[in-house]
Each structure stands twice: as C-alpha cells, then as structure tokens.
Amino acid sequence: MLVEVALPVPVPRTFTYLSESGSIPPGMRVRVPFSGRKLIGWVLGPGVAGRELNRLRSVERVLDDEPSLPPDLLALCRFIADYYTTPIGLVVRSALPAALADAGRSAPPVRTRRVLRITRELPSLQLRDRVFGRAARQRACYESVEAAGGSVAVRRLAEELGFSLPVQQGLVARGVARLEEELEVRDPFADIPAAGPVAHVPTPAQHAALAELVQAAEARAAQPFLLLGVTGSGKTLVYIELLRHVVRAQGRSAIVLVPEIALTPQTVARFRAEFGDVVAVLHSALSDGERFDAWRARRSGARRIAIGARAAIFAPVQDRGAVIVDEEHEASYKQSEAPRYHARELAVVRAANAGAVCVLGSATPALESWSNAHNGKYRLLELPARVAGRPLPPVEVVDLRGGKVWEQSPGTPDALVPAAVRDRILAPVLVRAIAARLDRAEQTILLLNRRGYSSFVQCRNCGHVWHCAECNVSLTYHRARRRLVCHYCCHDQPVPERCPECAAADISLRGVGTEQVERAVADTFPQARIARMDVDTTSGKWAHHQILERVANRELDILLGTQMIAKGLDFPGVTLVGVVNADVAMNLPDFRASERTFQLLTQVAGRAGRGPAGGEVLIQTALPAHYAIRAAIRHDYREFATRELEERRGPAYPPHQRLANVVLSGTAEPAVQDAAQAAADSVLELLDQHAVRTVTLTGPAPCPIDRIRGRWRWHFLLRSTAAGPLGAVCRHLQLRYEPGPGRAELRMIVDRDPVSLL
Ligand code: ADP
Ligand code: ZN
C-alpha cells in the first residue's frame, strides 16, 4: 500500500513510500530513507504512484502509536502550506516540539510519579469525625491533599509535609484515597507563585461583552470577535470569565496567545491563579524536554488551557471552545522565517474549524482587524472606559522643534543644569515631573525604542558614518561593551580613533539610545533606583521576570527601556510615563510606520495612572502635529484609524489590498537584480496569459536595507484585491521560478501579508 509522506526538506512537494504493514493513519510519524539519509516524516494519506514507481522505497518504521499530529492540526498545516506557500513538511516540523520532529533525536523519556488522590469527598465535619475517628494524622493528611486540589505527589507529602507512607496508606485503607501513577510534567513555572485569584465583579461593559461571548460559545458558533478595550479597561477579566464558562462549565479547551511570555508575566499569572494546573505555559525558555512534557499534557487533555506566544497556536488541544489573542496588533505574531504565518490569522482559522469563539483583543487593533470588524467578518465588542471609573491619563507633548525646550534662563550656572537636560535627552518639564515622582515615592516609566548608547557614529570633520561591512546599516555604539555593534548581523568592532576617510580624530556619537538615557537619568537623579530593560539587559532566562518583580515590589523608581516595557504591564505605582523620543520609527520606509508609532505611544501611555493616584504622560517629539501623535494624545483609536485608512488608499496598502513581498537575495548584486527582474517578468507574463487584472506588481527595486549579512537584496511587491489570485501567483513563483543555471546561491522569499518591508 502506498502512502503520501511530508518530509522536512525545502522542496514544494510530498513523497510517496511503500508501507509494507498496510495503511497508516494520517498524522503518524514514520522513518524513511531519503537521499542517503534517514528522515522523520508525517503520513498525510494514501499515496499515488508517480514517477518514483520504479524506485519506490519502503517506510522503515512507524514511530507513533497514535498520530502525533491530530486531524485538525494536520488540516491547519495544510492551510499554512497552501496560503504561505511553504513545503508542508517544514510547516509540520515547526508545528511540533523538536523532540518529536528531529531525526536522530529520540523523544525524551516519559517520567511518571506516584500521587495520592482523594477518591471520596467528605462534605461535613460529622462525616470526617466518623471516618477518621482518632486518626488525627490521617485526617490532617486528607485535608492537606484536599487543600492542594485533590492530589499530591507521594514524595512531596512525605518529604515536605511530613506525612509518612503508613499515614498515606491509612487513607487508602479507609477507602477515601487511592495511590496512582501520574505523568510527570516538568514545568519551570511551578515554582513561580501565581497571583491569588482576584474576584472582581465585571463592570457593565465587561458584562455586556461577556454576555455576547458566552452566547456564541453556547451556540458553538465559529464567530470571531474584535474586543476593542482602552488600556486598563480589564480585557483580561473578560478572557478569564469566558474561559471559566468554556473550560469549567462546558468542559472544553482553549488557546490563549500573548505577544511574549516573558513580557506578560502578569497576564499569565492571572490565568494560572484562576485555572491552576490545567494551564500549560509555553515559554521560549523551556528546554526541549519541558516543551515535550507540556505538549503531551495538552495532547492528553490533562492541561486544557494552552498559553504561549505565536507557536502556541499549534497547541494540540482537542475540542476547543475558545481561541484568544491578546494584544492582537503585535507584530511578533508574525513569524519572520518559513513558514511565515501570522498567528492572529491562524487563530481565526483554528477557532472556525472547531466551532470555537475567537477573541482578538487590543486597545490599538491592527487596521486589518478593524476593517474586518466593519465589513462584518468580525463582531466588534467595546470596553470604552477604564475600570473603577479611573480616567485615561492626560498626555502632554514636549515640542522638540527649534531646540527651545533645552534653553536655560540666562545666567543659570552650568552646575545647576541637570545632566539629562544638558545632554538634550530629557526636557526640563520631564526632569521636574520625575523629581516629583521620586519625592512622592511613585514610579516612572521612560520609553525610548532604540537600544545601545548612540545609534550611529559620525566623523565631525567629513560626515562619514560607520556602517557594518556586511549590512547596509549604521553601527550602534554600545558603551557597556565598548564596541560598535550591527543590530542585524551582531558583528561588532572596536570604537575607531580616527576616521578612515579623512583621518580626523573628531568622532561624535549621534542618536540617543537607552544606554545613554540610563546614564543621563542616573547622573541627574543619583538617589533613584533605576533599571533598564532592553535586549541587552534581558539575555538571562528569567531576566525580564526579575526586573518586573522589582517594579511590582516597589524596589525600583524608574524603569526605562525599549518597546518591551509598553506591553500590558499593570503597575498601580506608575504615575508618570515619559517618551524620550516618539519619532524613532516614524521615518522608517514602511507603510506601517505611523500605525506602529500610534500603537507604541498609546500602549506605553496606557501604563500610567492604573492606580488610585492617577497619572500623566509626557511625549517628547519633533512632530507634534502628526496625526499619529495627535490621536495618541487623545487615546483616540477611531480618529487614528479613520485617518490612516485614508492614507493607505494611494498607493493602496492593507487593509485595502492584500500584499506579498517577494525578496531575492545573493552575494553578487547584478545577479540579484537580474533575478528579481526575471521573477517579476515571469509574474507579469502569467498575469497577462490569464488576463488577471486583480493583481498588480510594483518594482523590482532594492530593498530599503539593500544588504544584510553580505547578501544583496532586491524585492517587488504584489498587490491584490482578492486572496485567491494572489495565492496563485505566489504558488507560481514557488513552483516554477528557477534562479537559472550557475546561480544556485540566489534565494527567493515570498512573504505573504508581510509585517515589515525593510
Ligand atoms: P487591560 O488589559 O484592558 O489594559 P487589565 O486586564 O490589565 O486591563 O486590567 C486592569 C486592572 O483592572 C487590573 O489590575 C485588573 O485586576 C483590574 N480590573 C479588571 N476588571 C475589574 C473590575 N471589574 N473591577 C475592578 N477592577 C478590575
Ligand atoms: Zn551587519
């Protein structure tokens, strides 16, 4: 019997093998020979004999007892392979834990442990008196297990709680408990205390949103919702109450996506507090073994709520009742390598396939979602105000144009000018605002979305700017490391003493980064307790957690950092948010530059004033009249969205048109240019042949960053009003476009619904 097998190789086709043991169910892992190697592949279904017939090879072994890829996940993988034009074997491999996907690696051993589990409830004290009589230790043991949720590991009972084995066996003898083996789940979160459950009464707005969600869950309607809730409106409570219904009352399961686990510890803690052990947290810091354990626990139904970043969309939970995407506007939901899927879009698909409710929540939804809420694909739910009658914080602009804000009144002695003002980093109003917070023992968040000390290094004499030798980007000076660093390829080099162009020794550090802000703030407020949170300070496994804990415990006065500090944090002690420079992303050559700026400003502003002490926001900008900044000042998503939708009409960008970015790269620029032209020509020819008018092509042209890691990059954009024809063009490129003889090192990437065009 022939079977069709997906293999993790970069060829857009599947392979046929002979199964000597008869049919193999779809989703089972098999080991097969493939060009001199052994590979793990997945059976997709019955095979068709094609050109391999005369050299057909056999499946060597079937590796699963039950399909490692359940049918609905297999369907999702097929969708991704098709929509994002990626070989299905590569899709499947990225959908499963490495332990199940890599040849040569055997799955980590399954570990079990012995637990004591209560089998009989004793609802009244009289009953307990009767059952236990004078066996006080047994009764205490019973009550400890009861308090821990009904089962506790035998070892833990004996070693930590002091109940000897005979005491435990006594419970068994009395017929109120049982000893049994249980799968052990290695879970590094087990040691992190979950916040105690907080029982809030839903506000009327939360209640109204919930009523609709619960009704949809009851009806098992595959209905996506967009939950537009201002910062601090209590979106998490809505998610939790929905899951209480879906998981507790209906007994179904759920997936919750968050932008990044490390940055959203509070959200995760609330779910753990509420649902305890049925939550599986998928953290990027998990080891392969821990990841595999979590996967198995979800597959078996032991953990019915999967929380994680984008890859959690592949959680093997059956009978889903809800799929939730928190902060749905986040770019991190899009994977930047093949398969280039967008987890938000997959969430809608996975919910639809299971008759589950899908909730996309944000204070600043992606315009794509916003337009879907208007064209009827999604239903719009709103939480228009903060909980407990708290106002959104007032936002003021500090106008950096013309440099006036830095001027001191004449005669001010230098020694009295704060370092941050002298260095033109924080305007005097912001310095005063921080000082007031320090006096009142309140906390401040400072945002600058640029890491390092200074973002470029320039010769004062001739204007030369140091660039990476491999990438066409300027090098960033990192003061702690005393190196110039490329943020694309991580190349680093010593700081130059002389300019290579003019030999002058007059080098200036330009463009303020977080390291420099930290120095200036520390110089200005020597008594303040400051932490910086950016990629450079958070390399350790629990680094984010440690910094955020210190904020929560009021051990820090000032938290400064990149966009990392703008995501969902809920610290009532933060009464001031300062944005050091709002314009960092505004001039990037990307059609989402304004949207990103609006989202970042609105989100970071939303960190202020979450407690009874209120709060305020100060934004330093040289573009105070820009509509993205003006709308952020008013926390007005609708105002921004309306204007931005207009801006995207000409030339047309999403959500008005769908986009695919086709990038060709190679080490020789002329060959890359030729290849881009040839690929574009082949598309134009195809469109012409089939008289397709719904797809248009722009380019080819060099990418905005035209060289990365030594490879030259050219691209062209495909725009379309309809998904179908655009998909057909992408498949044409994937299947038929060949770079041509002698150009094997050329690469083509087809990025559908790209989130970055750089
Ligand atoms: P969002 O994600 O919408 O910014 P959160 O879910 O973080 O908001 O909630 C903000 C704060 O409000 C949290 O501290 C939460 O405990 C609290 N909260 C949520 N709902 C209520 C409610 N109904 N009553 C009182 N406090 C609430
Ligand atoms: Zn580089």
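Derivation of every value follows stated rules applied to the coordinates shown; laboratory data play no part. Quantities reported herein were computed from a predicted structural model and do not represent experimental measurements. Ideal geometry is used to build each Cβ from the backbone, glycine not excepted, and the neighbour counts take in all protein chains shown.
Remarks
- Distance between modelled label sites at ARG634 and ASP65, nm, 7 Å Cα→Cβ extension: 6.3
- Ranked VAL176, VAL579, criterion: other C-beta atoms within 10 Å, fewest first: VAL176, VAL579
- Note on ASP439, ASP319: ascending count of other Cβ atoms within 10 Å places them as ASP439, ASP319, the fewest first.
- Spacing of the two label points (7 Å from each Cα toward its C-beta) at ALA701 and ARG137, in nm: 8.1
- For the range 204-389: rounded, prolate or oblate by the Cα gyration tensor [a/c cutoff 1.5]: rounded
- The DSSP beta bridges internal to the chain are antiparallel in roughly 55% of cases.
- Working note: 222 nm ellipticity from helices only, DSSP H runs with n ≥ 4, each -39,500 (n - 2.57), summed and divided by the residues of the chain, gives -9000 deg cm²/dmol to the nearest 500.
- Extension gain for the segment ALA221 to ALA75, taken as residue separation times 0.36 nm less the Cα-Cα distance, is 50.6 nm to one decimal.
- Derived scalar couplings between HN and Hα for the range 472-484 equal 8, 9, 6, 8, 9, 7, 10, 6, 4, 8, 6, 9, 8 Hz in order, rounded to whole Hz, by the Karplus curve 6.51 cos²θ - 1.76 cosθ + 1.60 (θ = phi - 60°), x for Gly and Pro.
- Gain upon complete extension [GLN493, TRP406; 0.36 nm per residue less C-alpha separation]: 28.0 nm
- Taking a ≥ b ≥ c as the square roots of the eigenvalues of the Cα gyration tensor, the range 659-733 is prolate, since a/c reaches 1.5 or more and a/b is larger than b/c.
- Computed from phi, the 3J(HN,Hα) profile of the range 438-455 under the Karplus parametrisation 6.51, -1.76, 1.60 (θ = phi - 60°) reads 4, 4, 8, 6, 9, 10, 10, 10, 10, 10, 9, 8, 8, 8, x, 8, 9, 7 Hz, with x in place of Gly and Pro.
- Per-pair calculated FRET efficiency, R0 = 41 Å: LEU380 and LEU684 via Cβ, rounded to 0.05: 0.55
- The peptide list 320-327, 298-305, 7-14, put in order of mean Cβ contacts within 10 Å with the highest first, becomes 320-327, 298-305, 7-14.
- GLU345 sits among other residues whose Cβ lies under 14 Å from its own Cβ, and their net charge, with Lys and Arg +1 and Asp and Glu -1, is +2.
- Put simply, the amide H of VAL359, placed in the peptide plane, has neighbours under 5 Å in PHE225, VAL323, ILE324, VAL325, leaving out anything fewer than 5 places away on its chain.
- Computed 3J(HN,Hα) for the range 533-548, one whole-Hz value per residue from the Karplus formula 6.51 cos²θ - 1.76 cosθ + 1.60 where θ = phi - 60°, is 10, 8, 4, 6, 9, 10, 6, x, 4, 10, 4, 4, 4, 5, 5, 5, glycine and proline marked x.
- Net length gained if the chain between ALA331 and GLU669 were fully extended (0.36 nm per residue, minus Cα distance): 118.7 nm
- Note on GLU181/GLN318: beta-carbon distance plugged into 1/(1 + (r/R0)^6) with R0 of 30 Å gives a FRET efficiency of 0.85.
- With the charge dipole of the chain set up from +1 on Lys and Arg Cβ and -1 on Asp and Glu Cβ about the Cα centre, the Cα lying farthest toward the positive end among the listed residues LEU426, LEU44, PHE716 is that of LEU44.
- FRET efficiency, ALA480 to ASN587 (Cβ-Cβ, R0 25 Å, nearest 0.05): 0.35
- Sorted ascending by nearby beta carbons within 10 Å, beginning with the fewest, TYR637, TYR627 become TYR627, TYR637.
- Under 25 Å from LYS377, Cα to Cα: lysines that are on another chain or at least 8 residues apart: LYS235, LYS334
- Amide H contacts for VAL473 (H built 1.01 Å from N in the peptide plane; partners 5 or more residues away or on another chain; cut-off under 5 Å): CYS468.
- Taking amide hydrogens as placed 1.01 Å from N in the peptide plane, the amide H of HIS491 sits under 5 Å from those of CYS486, each at least 5 positions away in sequence or on another chain.
- Label-point separation in nm, ASP414 to LYS38, each point 7 Å along Cα→Cβ: 7.4
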